[in-house]
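The values are calculated or read from the model by the stated rules, or taken from the named source; none is laboratory data. All values reported here derive from a predicted model rather than from experimental measurement. Note: ideal-geometry Cβ built from the backbone for every residue, glycine included; neighbour counts use all protein chains shown.
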Amino acid sequence: MNHRIPEDTKRAILDAARIDEVVGDFVVLKKRGANYWGCCPFHQEKTPSFSVSPAKGIFKCFGCGKGGDSVSFLMEHEHYSYVESLRYLAHKYNIEIKEEELSPEQIEKESDRESLYHLTQYAAEYFVKNLWESEEGRSVGLAYFRERRFTDEMIRHFQLGYCTESWDAFTQAALKAGYDKKYLVQSGLTIEKEETGKLFDRFRGRVIFPIHSLSGRVLGFGGRILSSDKSKAKYVNSPESEIYHKSNVLYAIPFAKREIVSHDMAYMVEGYADVISMHQAGITNVVSSSGTSLTEDQIKMISHFTRNLTLLYDGDAAGIKASLRGIDMVLAKDMNVRVVLLPEGQDPDDYAKAHTTEEIQNYLKENAVDFISFKTRLLLKDVGDDPIKRAELIDNILTSISVIPDSIKRAVYVQECSRLLEISEPDLLNKLNRIFRNRFQKQMTAGGGPQIAENQIAPSASKQEPTPSEQEADALARARTLERELLSLLVNHGARTTKQIYYDQDGKPIDQVSSVCAYIVAEVQQDELSLSDPLYQELFSIFATALQSGTVPAVEDLMLSDNMPMRNLVADLASGCYEVSKTWENKGIYVHTVQNHPEKLNTAVFQAVSNFKIEKVNGMIEALNKQFKEVAKDDEVGIMELMNRKKQLDALRNKLSALVRRVIC
């Protein structure tokens, strides 16, 4: 039996915890750009060097070096234990913690969830491969996306795919790959006929839109049919499962969250194509509720990153009125809701493709109207001179105003409605007070640890150990710099796609596309290399192990670890504060940072791996040179073996150096 906080609860706590709110309870913060800044609470300073990043969920002091997430901050600042920090956050965000012993059935359920995650990741990769590599995928699926004027870059970015017309091609491929029928059916990827037990693909003959969690894990799929068969639904979505709950997800949230924080604004559209076209047009703080009315969980997710939400409507009056019902929940969360009505006959997909980024930005800015005013004007059109409808309209509008927590905002909206509805402000306030009293009466009737170690990620050698020479210290620092760059690429870009050039025996270049994680892990493991720092190697092993099951850990996943040095290392790497000293450039080591230059990713990944390998080979050669001095002069066999080994290493070093010059230059 296990006794611990369940992983689901732990993830819910960390997802709910907004780093700027947690730190803001103890530190005065001021917003500057996408981040918040203040004076570090862990050391004395006059100029703020303490940064808090809501998009990444981490803090980092550029003065003393301390960094981490909300849990790390509480452990360091309040001297809480790990569990005490989780309890504090759970209390702050009203999340119930049930610390109970897990039964074998509960443990199996958690295992089921991980199995479903592995399967959906496999399915996403299978559909992507179908789209690009199968004849049917290219001629049908890819042709459709290109006809919709989606660029190849966007198609890859959103991991769009295709499921062939074959009845069970995906199902058979998954079974052959070792995935259990139980999870295929549970995930909804496969449908089983009760009468016959026959299996077939849910998404056959459809283009595929993967739906991701906040941390980027694949939860489910949306599939659009391409045939004109009226008897079939245009869109089919994954059914509810252990990992996919439609009301809890927002389409494209992992691709949009940083831009939402940066712009302090989220745009909400209706469909997958609307999101993709807006992103393609350069408006990347856009998400979708995938055709459903907004839910409390979706609103909570948005509120982690901004208090400002703008809804984009295409002018369909019936559709707008249907969606109004859920907006009161947004207002109740003290969020600022605005509405933009697009030109008649155009949805966000159409409008984005027909206008430049600047034109879209200007239109959104000039046509955004606060929700209460928009709703009042919209409903007034249907009222006419009918006094009963007018009274119903007033009740409707005031009910929306009544849920707004901020009294000043309520007063402003009452004034605006008084002007629009041509009713005195005192009369509206009296009605609003009656709504408050009735609500109150209904509610009454219904009611009948220890401080963490100093953040030194990789401490220097113990004083009891012999002091290394300057040359050895230099080599160690070089190795740590290059190992750290590899890990930085894994943590910040591991799931992104990279195209690398390989050379066959004839020197012919061959392109190969894979994830950054898959490329780095394969390159390091094929030469049986390891990282010199134990903590660095442990983090690398986490990525290597996850890759075997078809996943790439996101920062949010890594921060679930109970290992505090590991959590601090991840936070440090994710903070983007790492800069390579120009000393290394003077020594011929060039590390390409891609934090602000994503177009350099392919080059950065290749050179980081090559530099790491060259440094390792240099270390092996240096070790061989020492062995030459120690081997007996009459040991001809030993000398010959060392010479052959050195010859091989020299050849490998020369090959790697030549490849670096060949690709970079």
Checklist outcome for this item: Sole miss for His279 among (1) part of a helix (DSSP H, G or I); (2) out of contact with any strand residue (DSSP E or B) (no Cβ under 7 Å at 6 or more places or on another chain) is condition (2)
Checklist entry - Does Val261 meet the test of being under 27 Å from Ser289 (Cβ atoms) and assigned by TED's automatic domain parsing to the domain that holds Gly282? => result yes
Checklist entry - How many of the residues making up segment 210-239 are within 19 Å of Gly550 (Cβ to Cβ) and part of a strand (DSSP E or B)? => result 7
Item to check | Inter-residue pairs, beta-carbon under 8 Å, first under 18 Å from Asn563 (Cα atoms) and assigned by TED's automatic domain parsing to the domain that holds Glu21 and in segment 73-94, second polar (S, T, N, Q) and in a loop (DSSP other than H, G, I, E, B), 6+ apart | outcome: Met75/Ser81; Met75/Gln451; Glu76/Gln451; Glu76/Asn455; His79/Gln451
Item to check | Residues within segment 380-399 that are of a type in the set (A, V, I, L, M, F, W, C) and closer than 22 Å to Asn433 by Cβ, tallied | outcome: 5
Checklist entry - Among all residue pairs at least 6 apart or on different chains, which show Cβ distances below 7 Å where the first residue, located in segment 158-175, is among the acidic types (Asp, Glu) and the second is surrounded by fewer than 16 Cβ atoms within 10 Å (Cβ to Cβ)? => result Asp168/Phe200
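Every residue, every condition in (1) at pLDDT 75 or above; (2) small (Gly, Ala, Ser); (3) not assigned by TED's automatic domain parsing to the domain that holds Ser70, yes or no:
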residue: Thr551; (1), (2), (3): yes, no, yes
residue: Leu558; (1), (2), (3): yes, no, yes
residue: Tyr578; (1), (2), (3): no, no, yes
residue: Thr593; (1), (2), (3): no, no, yes
residue: Leu601; (1), (2), (3): yes, no, yes
residue: Ala604; (1), (2), (3): yes, yes, yes
Next on the checklist: Between Ser303, Ser238, Ser290, which is touching a strand residue (DSSP E or B) at 6+ places or on another chain (Cβ under 9 Å), modelled with pLDDT under 85, closer than 25 Å to Arg113 by Cβ and not assigned by TED's automatic domain parsing to the domain that holds Tyr93?
Outcome noted: Ser290
Next on the checklist: So, in segment 349-376, how many residues would count as being in contact with a helix residue (DSSP H, G or I) (Cβ under 7 Å, 6 or more places away or on another chain) and surrounded by fewer than 18 Cβ atoms within 10 Å (Cβ to Cβ)?
Outcome noted: 2
Item to check | Filter result (part of a strand (DSSP E or B) and more than 14 Å from Gly222 (Cα to Cα)) within segment 245-270 | outcome: Ala266, Tyr267, Met268, Val269
Item to check | segment 2-33, residues that are in contact with a Pro (Cβ under 8 Å, 6 or more places away or on another chain) and farther than 20 Å from Met566 by Cα | outcome: Arg18, Asp20, Phe26, Val27, Lys30
Checklist entry - If you go through segment 522-545 one residue at a time, do you hit one that is over 19 Å from Val617 (Cα atoms), over 19 Å from the mean Cα position of the chain (by Cα) and either outside any helix (DSSP H, G or I) or modelled with pLDDT under 85 (or both)? => result no
Checklist entry - Tally time: how many residues in segment 413-428 are surrounded by 12 or more Cβ atoms within 10 Å (Cβ to Cβ) and not in a helix (DSSP H, G or I)? => result 1
Next on the checklist: Among the numbered criteria (1) at pLDDT 85 or above; (2) farther than 14 Å from Leu324 by Cβ, which one does Ile401 miss?
Outcome noted: (2)
Checklist outcome for this item: For segment 227-271, the count of residues that are touching a Phe, Trp or Tyr at 6+ places or on another chain (Cβ under 9 Å) and among the basic types (Lys, Arg) equals 2
Item to check | Elements of type helices (runs of 4 or more DSSP H) in segment 55-163, at least 1 residues being over 30 Å from Leu569 (Cα atoms) and at pLDDT 85 or above | outcome: 104-133, 143-147, 152-157
Checklist entry - Of all the residues that make up segment 40-97, how many are among the charged types (D, E, K, R) and either touching a strand residue (DSSP E or B) at 6+ places or on another chain (Cβ under 7 Å) or buried (at least 19 other Cβ atoms within 10 Å of the Cβ) (or both)? => result 5
Checklist entry - Mind checking which residues of segment 5-41 are more than 19 Å from Ser213 (Cα to Cα) and either in a loop (DSSP other than H, G, I, E, B) or not assigned by TED's automatic domain parsing to the domain that holds His77 (or both)? => result Ile5, Asp25, Phe26, Val27, Val28, Leu29, Gly33, Ala34, Cys39, Cys40, Pro41
Checklist outcome for this item: Taking segment 135-181 and the residues there that are under 24 Å from Arg217 (Cβ atoms) and among the polar types (S, T, N, Q), the one that is nearest to the chain's Cα centre (by Cα) would be Gln159
